[in-house]
Amino acid sequence: MGCVLSQLAAKFAFFPPSPPTYQVKKGDNGKLTAVSSSSVPAPVADDPSLDVLLIDTKYGNKIVGFYLKNPYARLTVLYSHGNAADLGQLYDLFVQLKVNLRVNLMGYDYSGYGASTGKPSESNTYADIEAVYQCLQTEYGISQEDLILYGQSVGSGPTLHLAAKLPRLRGVVLHSGILSGLRVLCHVKFSFCFDIYQNFKKIKKVKCPVLVIHGTEDDVVNWLHGNGLWKMAREPYEPLWIKGGGHCNLELYPDYIRHLCKFVNEMENTTTAIRLKRIRQSLGLPSRSNTNSDTSEKCCKIKLCQPKCPRCPKPRCKCCRWPKCFCCWKPKCPKCRLSCSCCCFKCPEWRCCVGNQKGLNGKQEG
């Protein structure tokens, strides 16, 4: 029943442009290019910074990806777009983001969108983004440490799905993100089996900084969705609430690109050591430097208290007050003067110590 309801929900959740705004063709040199199939201008075939890709998913679909290279980039953005759009409409935005943010950018069309094969569904979008991430790893050598996931509207679903699985991501951007599909239709605090994109659960598993961007006048996905995601994030970054912003026009506001640049610059300068320090601070743990200094002063981990040695002036251990002098805790055998103390077999008559409590609790002889 839940599966049937999920399929029904998918029909009302996904609206791919029909017809697609572009087509993918193979040139004489064997390289794939995108050509326009509508009034919307598509990427030009002679753009040297653009790679057009056909990527296979685990469900047998072939999805289209646009990879835009920036020679000065240190990070890569994996962009999951919103509903009712495809790559042909987003190409100009991708170019602006690539230049202004100084990043490489990978955008892709979900199954059933643009020139991608298959039908759109929640499970297919999850398989789509996993296939694209694998392509980034194998074809371009990009690791999760150098990756920022960007999800717009419906794209926040696959974005958080992948982000919850990658513990060493550099960062996540949620642009007009949703708490869940059902919560877009009605304000409820419970979920059903057919509720798609349950981001309110997955956001809690993301272990990297999360930037939330949302318009205060969004009449498609209420601002409360963005605010809720920001509050649930484990490592929330300073959010951007664009006053008067709607659902599809946030890119037109100057604060949008300015705040994104600030976020990307900070992610570039954030090393693994800095991230670990912030995590320890958020958990209330001492910094690693303090921990090392504390452990360097400790000589052992046995937390017992023994009396001072009456025969030698050696100081007791700082951490557990254990005497450093071995004569205090290895009594000698009264017969052979060797240290037997029931745990050493140097004395041939070691049984003399068993039951002799004077050597352990009473006065030491010898």
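The values are calculated or read from the model by the stated rules, or taken from the named source; none is laboratory data. On a predicted model such as this, the values are computed, not experimentally measured, just so you know. Glycine gets a Cβ as well: all are built from the backbone with ideal geometry, and neighbour counts include every protein chain shown. Surface accessibility is based on the protein's heavy atoms, side chains included, excluding ligands, DNA and RNA. Shrake-Rupley method; radii C 1.70, N 1.55, O 1.52, S 1.80 Å.
Here are some notes:
- The range 235-299 holds no helices (runs of 4 or more DSSP H) entirely within its bounds that carry 2 or more residues that are in contact with a Gly (Cβ under 6 Å, 6 or more places away or on another chain) and at pLDDT 65 or above.
- In this entry, residue 42 is excluded by the filter for residues that are buried (at least 19 other Cβ atoms within 10 Å of the Cβ), modelled with pLDDT under 90 and part of a helix (DSSP H, G or I).
- Yes/no for residue 169 being more than 15 Å from residue 228 (Cβ to Cβ) and not basic (Lys, Arg): yes
- Where strands (runs of 3 or more DSSP E) fall wholly inside the range 46-160, the ranges with 2 or more residues that are among the polar types (S, T, N, Q) are 76-80.
- Filtered by the rule that a residue be farther than 23 Å from residue 77 by Cα, of a type in the set (Val, Ile, Thr) and under 18 Å from the mean Cα position of the chain (by Cα), the range 204-235 gives no residues.
Quick grid of which residues meet (1) in contact with a Lys or Arg (Cβ under 7 Å, 6 or more places away or on another chain); (2) open to solvent by 30 Å² or more (accessible area, probe 1.4 Å):
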site: 219; (1), (2): no, yes
site: 224; (1), (2): no, yes
site: 232; (1), (2): yes, yes
site: 245; (1), (2): no, no
site: 250; (1), (2): no, no
site: 253; (1), (2): no, yes
site: 258; (1), (2): no, yes
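- Selection within the range 123-152 - open to solvent by 10 Å² or more (accessible area, probe 1.4 Å) and hydroxyl-bearing (Ser, Thr, Tyr): 123, 126, 133, 138, 140, 143
- Filter result for the condition that a residue is out of contact with any Pro (no Cβ under 7 Å at 6 or more places or on another chain) and assigned to a strand (DSSP E or B), over 214, 225: 214
- Criterion: basic (Lys, Arg) and buried (at least 17 other Cβ atoms within 10 Å of the Cβ) - qualifying residue of 202, 189: 202
- The range 168-177, subset part of a loop (DSSP other than H, G, I, E, B) and at pLDDT 95 or above, residue most open to solvent (accessible area, probe 1.4 Å): 170
- Residue count for the range 50-92, restricted to those that are in contact (Cβ under 8 Å) with a residue 60 or more places away in the chain and either open to solvent by less than 20 Å² (accessible area, probe 1.4 Å) or closer than 20 Å to residue 157 by Cβ (or both): 23
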